[in-house]
Structures are given as structure tokens and as C-alpha cells.
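Take a look at the following structure, please.
The values are calculated or read from the model by the stated rules, or taken from the named source; none is laboratory data. Everything numeric here is computed off the predicted structure, so don't read it as measured data. Cβ sites come from the backbone with ideal geometry, for glycine too, and all protein chains shown count toward neighbours. In case anyone asks, the SASA skips ligands and DNA or RNA and just uses the protein heavy atoms, side chains included. Shrake-Rupley method; radii C 1.70, N 1.55, O 1.52, S 1.80 Å.
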Amino acid sequence: MLSSIEKQRAFLSFPRFAVVGASTDQAKWGNKILRWYIARNKLVTPVHPTVDKIESINTARNMANLLSPTETGYCHTTEAKELSIPAIWIQPGASDVACVNFIKENGMENQVLWEGECLWRDGDGVLVQAML
């Protein structure tokens with residue numbers, strides 16, 4: 001199995017990212033993570049079922065509406081597997097036992113970060129180390 005840092009580097013090497021749970025409320029983590037990508041000039045799409053724009057970026061209503069899902073790092077396991085999304089980062093507190101079981105039962109351990117890795121906390125260090 002890949003190490004956590006190897007999975008983080010792989011995740012952050014993708015050309016596009018999607019933030020599921022993105023919110024218009026800047027106090028919420030979905031918005032903070034969206035702004036993290038924006039501040040680092042990453043191509044990011046907020047995913048929201050009813051809002052048209054978040055942080056001046058057009059939203060996708062769901063993952064199937066992403067421009068290039070197979071080139072997108074994402075954070076939801078079931079839909080990501082169905083769409084062949086290659087990398088998934090689940091923020092701390094966003095997974096549960098069912099999510100972890102799904103990851104393990106579907107052999108997704110090498111493409112999913114779910115064991116406490118935090119993009120907000122860890123992402124810059126990974127980008128610097130990998131020069132991404």
C-alpha cells in the first residue's frame with residue numbers, strides 16, 4: 001500500500017480538483033478548502049446541487065457534470081468509483097465507518113486519503129516537497 005505522503009503527492013499532481021460540500025459560507029470548511037485551491041492557482045470546481053457560483057466559480061450540480069472527471073481529484077468514494085475518478089481526499093471528520101468499509105471492500109486504499117490527512121494543514125508542505 002502507498003504511504004500517506006505518496007498518496008498526497010499523487011492527489012495534488014492532478015490537473016483538476018472538485019470540492020464536494022463547497023459552501024457560500026466562508027466560515028465552513030468546504031469553502032475554506034475551495035479557497036485553498038484558488039489561492040494556489042489550481043483548477044477547481046465547487047460541487048453544489050443548487051448554487052450556481054461559489055467564490056465566482058461556476059459549480060457542477062454533481063460529479064457527473066465535471067468537465068474531466070478522470071483527471072480530477074475528488075472527495076466522495078461511491079460516486080468517484082462509478083466515474084473512475086483516480087484520487088480522493090476526504091477531510092478529517094468527513095468519513096464514517098461505512099465510507100472506510102467501502103474504501104477497503106473496493107480496493108481503493110491507494111487512491112483515497114481518509115486517515116486524518118488534512119489538505120488545509122498538509123497540502124502546502126506536500127506541494128513544496130513535490131514542487132507541484
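Pairs of alpha-carbon atoms within less than 8 angstrom and 6+ residues apart define the contacts here; what relative contact order does region 1-71 have, in percent? List each step's numbers first, then the result.
On the way: 88 pairs, mean separation 18.7, N = 71.
Relative contact order comes out at 26 percent.
Okay, moving on. Could you give the length gained on full extension between L67 and K28, defined as 0.36 nm per residue of separation minus the Cα-Cα distance, in nm? Display every interim value, and only then the final one.
Working: separation 39, 0.36 × 39 = 14.04 nm, distance 2.52 nm.
Gain in length upon complete extension: 11.5 nm.
Net charge around P15, counting only other residues with Cβ within less than 14 Å of its Cβ (Lys, Arg = +1; Asp, Glu = -1)? Mind dumping the intermediate values first?
Numbers: positive: R16, R40, K42; negative: E71.
Summing Lys/Arg as +1 and Asp/Glu as -1 gives +2.
To continue, here is another question. Work out the length of the dipole vector of region 1-112 about its Cα centre, built from +1 on the beta-carbon of each Lys and Arg and -1 on the beta-carbon of each Asp and Glu, and round it to the nearest 20 debye.
360 debye
Add +1 for every Lys or Arg and -1 for every Asp or Glu among the other residues with Cβ under 14 Å from the Cβ of G123, and state the total. Write out the running numbers ahead of the final one.
Working: positive: K7, R9, K32, R35, R40, K42, R121; negative: E117, D122, D124.
Local charge sum for G123: +4.
Once neighbouring chains are kept in place and the probe is 1.4 Å, which whole percent of the accessible area of the chain is contributed by carbon and sulfur?
In the chain, the share of accessible area belonging to carbon and sulfur is 51 percent.
Counting heavy atoms of the protein chains only and a 1.4 Å probe, report the per residue accessible area for the chain as a whole number of Å². Walk me through the numbers before you get to the answer.
Values: 6950 Å² over 132 residues.
Averaged over the residues of the chain, the accessible area is 53 Å².
Separate question: Rounded, prolate or oblate, given the Cα gyration tensor of region 63-132, with a/c below 1.5 counting as rounded?
Values: a/c = 1.97, a/b = 1.20, b/c = 1.64.
Here region 63-132 falls in the oblate category.
Which percent, nearest 5, of DSSP beta bridges in the chain are antiparallel? Spell out each step's value before the answer.
Numbers: 2 of 14 bridges.
In the chain, DSSP labels about 15 percent of beta bridges as antiparallel.
Between E105 and L2, what is the FRET efficiency for a Förster distance of 25 Å, r being their Cβ-Cβ separation, to the nearest 0.05?
0.85
Suppose a student asked you for the relative contact order of region 13-132, using Cα pairs under 8 Å spaced at least 6 residues apart; what percent would you report?
Numbers: 178 pairs, mean separation 24.2, N = 120.
After rounding, I find 20 percent.
If you don't mind, another one. Quick one: net charge of V44's neighbours, Cβ under 12 Å, K/R +1, D/E -1? Could you put the intermediate results ahead of the total?
On the way: positive: R16, R35, R40, K42; negative: E55.
Counting the neighbours of V44, the net charge comes to +3.
Of the peptides 48-55, 17-24, 4-11, how do they stack up when ordered by the mean number of other Cβ atoms within 10 Å, highest first?
17-24, 4-11, 48-55
Taking 0.36 nm per intervening residue step and subtracting the Cα-Cα distance, what contour gain separates D52 from A130 on full extension? All intermediate terms of the calculation are to be shown ahead of the outcome.
On the way: separation 78, 0.36 × 78 = 28.08 nm, distance 3.38 nm.
Using 0.36 nm per residue and subtracting the Cα-Cα distance, I get 24.7 nm.
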